[in-house]
Amino acid sequence: MPPTGGNLGEPGNEVGTVNIPTGFVLALPSHPSPFISIGQQDYDLLVIGGGSGGLACAKEAAQLGKKVAVVDYVEPSPRGTRWGLGGTCVNVGCIPKKLMHQAALLGGMIRDASHYGWEVPQQVPHDWCNPGSPDIWQCLETFLVITTTGTLAASVSPDSAPLLSQSTEEKAHVRSSGTTEPPLPLAGQQKQPSEKTRQLMHRAGPWIEGAVQHGITSDDIFWLKESPGKTLVVGASYVALECAGFLTGLGLDTTVMIRSIPLRGFDQQMSSLVTEHMASHGTQFLRGCTPLRVEKLPDGQLQVTWKDLASGREDMGTFDTILWAIGRVPETRSLNLEKAGVNTNPNSHKILVDAREATSIPHIYAIGDAAEGRPELTPTAIMAGRLLAQRLCGQSSDLMDYDNVPTTVFTPLEYGCVGLSEEEAVARHGEEHVEVYHAYYKPLEFTVAERDSSQCYIKMVCLREPPQLVLGLHFLGPNAGEVTQGFALGIKCGASYAQVMQTVGIHPTCAEEVAKLRISKRSGLDPTVTGC
């Protein structure tokens, strides 16, 4: 990467070794140099990071006839977990998480089966790695091979998008001018803590003795070859709650340690219902607590000491596994961005971008999790990558719209949402200008099995003034992702409450309850749905 005003292809640019963030793009839409030069190869577009956004951008540009290189490097986790092309989502995020979530849901369905006339054993335990049949990890590995092969087939052709490097064991080299630092050594050769180890120490706090030595992260949990056993999950993000949810669903003793509030950034009424449901189904919670140290006992168990922030009292417990789910930090510090003139947030280490995804250097862009202020979601990174490629290739001027992006938290009772939370709507428009319609409902499939539906809840946040523009929809219940995806289109198109009420529901479904929301919070009436 050149300093301000430099040429990416000019002689003398030094080659450095980098850790790759997701969706960091070098491009030359108006740069004086006609190409990017790497070794003896020239490219129209260099994509640093083979995650969702980076690959989407590369594939789109390649299909539009540009010559593209993708540079990808994954530093192993502190526990040594390695993976290849595809980024967090495919390897250690959305995909394995959803499969584990499904595995846990199947356990509940098996328990329900007897109510529907199936003869099943009273106790059907889950075997983390069943040696007698293909397990979930073998299926996941097959899925990754198919996905990666498909990605390469779609993006790599003799004249389009070769993969420059995607090995977890080799150094990935890109041109980095304006820097005099020597190349970083391989992770295995480093005498100092690796970047991911430093990130974990930074997020957990270096004062937590034993955090790195004895803990794992979500990078590791999906690839464990043996059951994690009794697990302490530290954190209250959606990753933390999703992991805790499927561990409990698989029959494991699971505790979540929450420092402040669950699901920060989400609607807090919905967040409370999520944790209430988890607690009622066996997940234990330590609220208002922070870990102080982790020690390994002679029998191999881990003794965790924590502090109750309200009372100041210390307590301890023993676990088989400690899972840190306290957030991610982009690997941008080793890219020497400041030497290239690229501005970053000194606190988050994310790259500052404008509405065009452009950084402070005209020909350098950032998308996905590496960009400041962007949702850390695979679909947004993919769409942003595709749109960026289309703009760079002169095919479109459309910008990514980050408003009303739907998402779902895959906790045991799924939480889907799109638009503003109730708190955000009130803060933006004032409580007197916001109307909230809500309902507690019971899924039909819960009735026969006599499942508790106390936390199955929907609320629609609207402007109070007719026609009552829908500001946000929040759905807690089975298949929340499928439900929310459908209504997201209407909300994206500016649907009003009146239009939703004119929509005919599909009976009998949970989704139809959205089109039947008649009770407002302001009315004070009981929002419990009775009958059809």
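The values are calculated or read from the model by the stated rules, or taken from the named source; none is laboratory data. As the structure is a prediction and not an experimental result, all values here were calculated from the model. Cβ coordinates were reconstructed from backbone atoms using ideal geometry, including for glycine residues, and neighbour counts include every protein chain displayed. With ligands, DNA and RNA removed, areas are computed over all heavy atoms of the protein, side chains included. Shrake-Rupley method; radii C 1.70, N 1.55, O 1.52, S 1.80 Å.
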If we keep only residues of segment 480-500 that are out of contact with any strand residue (DSSP E or B) (no Cβ under 9 Å at 6 or more places or on another chain) and more than 28 Å from residue 102 (Cβ to Cβ), then the residue most open to solvent (accessible area, probe 1.4 Å) is 493
Which of the strands (runs of 3 or more DSSP E) found entirely inside segment 247-332 contain at least 2 residues meeting this: of a type in the set (Ser, Thr, Tyr) and surrounded by 15 or more Cβ atoms within 10 Å (Cβ to Cβ)?
254-258
Being touching a residue at least 60 places away in the same chain (Cβ under 8 Å) and among the acidic types (Asp, Glu) narrows 422, 432 down to just 422
Boolean, residue 416 is touching a strand residue (DSSP E or B) at 6+ places or on another chain (Cβ under 8 Å) and surrounded by fewer than 18 Cβ atoms within 10 Å (Cβ to Cβ)
no
Residue among 525, 489 that is modelled with pLDDT of 95 or more and in a loop (DSSP other than H, G, I, E, B):
525
Out of 418, 461, 436, which single residue is assigned to a strand (DSSP E or B), at negative phi, out of contact with any Phe, Trp or Tyr (no Cβ under 9 Å at 6 or more places or on another chain) and of a type in the set (Val, Ile, Thr)?
436
State whether one or more residues within segment 69-81 are in a loop (DSSP other than H, G, I, E, B), more than 16 Å from residue 366 (Cα to Cα), basic (Lys, Arg) and at pLDDT 85 or above.
yes
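Matching residues to (1) open to solvent by 70 Å² or more (accessible area, probe 1.4 Å); (2) hydrophobic (A, V, I, L, M, F, W, C); (3) modelled with pLDDT under 70:
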site: 169; (1), (2), (3): yes, no, yes
site: 174; (1), (2), (3): no, yes, yes
site: 193; (1), (2), (3): no, no, yes
site: 211; (1), (2), (3): no, yes, no
site: 216; (1), (2), (3): no, yes, no
site: 220; (1), (2), (3): no, no, no
site: 241; (1), (2), (3): no, yes, no
Go through the residues of segment 364-373 one by one and say whether even a single one is of a type outside the set (A, V, I, L, M, F, W, C), part of a loop (DSSP other than H, G, I, E, B), surrounded by 16 or more Cβ atoms within 10 Å (Cβ to Cβ) and on the phi > 0 side of the Ramachandran plot.
no
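From the list 477, 472, exactly one residue is in contact with a Leu (Cβ under 8 Å, 6 or more places away or on another chain), open to solvent by less than 70 Å² (accessible area, probe 1.4 Å) and within 19 Å of residue 377 (Cβ to Cβ). Which is it?
After applying the criteria, what remains is 472.
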Go through the residues of segment 280-300 one by one and say whether even a single one is more than 25 Å from residue 243 (Cβ to Cβ) and modelled with pLDDT of 95 or more.
yes
Test result for residue 376, of a type in the set (Asp, Glu), open to solvent by 50 Å² or more (accessible area, probe 1.4 Å), touching an Asp or Glu at 6+ places or on another chain (Cβ under 9 Å) and not in a strand (DSSP E or B):
yes
Residues (part of a helix (DSSP H, G or I), under 17 Å from residue 99 (Cα atoms) and in contact with a Ser or Thr (Cβ under 7 Å, 6 or more places away or on another chain)) located in segment 212-246:
219, 220, 239, 241, 242, 243, 244, 245
Which residue is surrounded by the fewest Cβ atoms within 10 Å (Cβ to Cβ), if the candidates are limited to segment 379-405 and must be touching a Gly at 6+ places or on another chain (Cβ under 7 Å) and either hydrophobic (A, V, I, L, M, F, W, C) or modelled with pLDDT under 95 (or both)?
382
With respect to residue 348, is the statement that it is at pLDDT 95 or above and open to solvent by 30 Å² or more (accessible area, probe 1.4 Å) true?
no
Pairs where the first residue, in segment 343-361, is closer than 20 Å to residue 402 by Cβ and part of a loop (DSSP other than H, G, I, E, B) and the second is at pLDDT 95 or above and basic (Lys, Arg), C-beta under 8 Å, 6+ apart
353/374; 356/391
Going through segment 37-68 one residue at a time, which ones are modelled with pLDDT under 90 and surrounded by fewer than 23 Cβ atoms within 10 Å (Cβ to Cβ)?
37, 38, 39, 40, 41, 42
Residues satisfying the stated conditions in segment 501-532, i.e. open to solvent by 70 Å² or more (accessible area, probe 1.4 Å) and under 30 Å from the mean Cα position of the chain (by Cα)
none
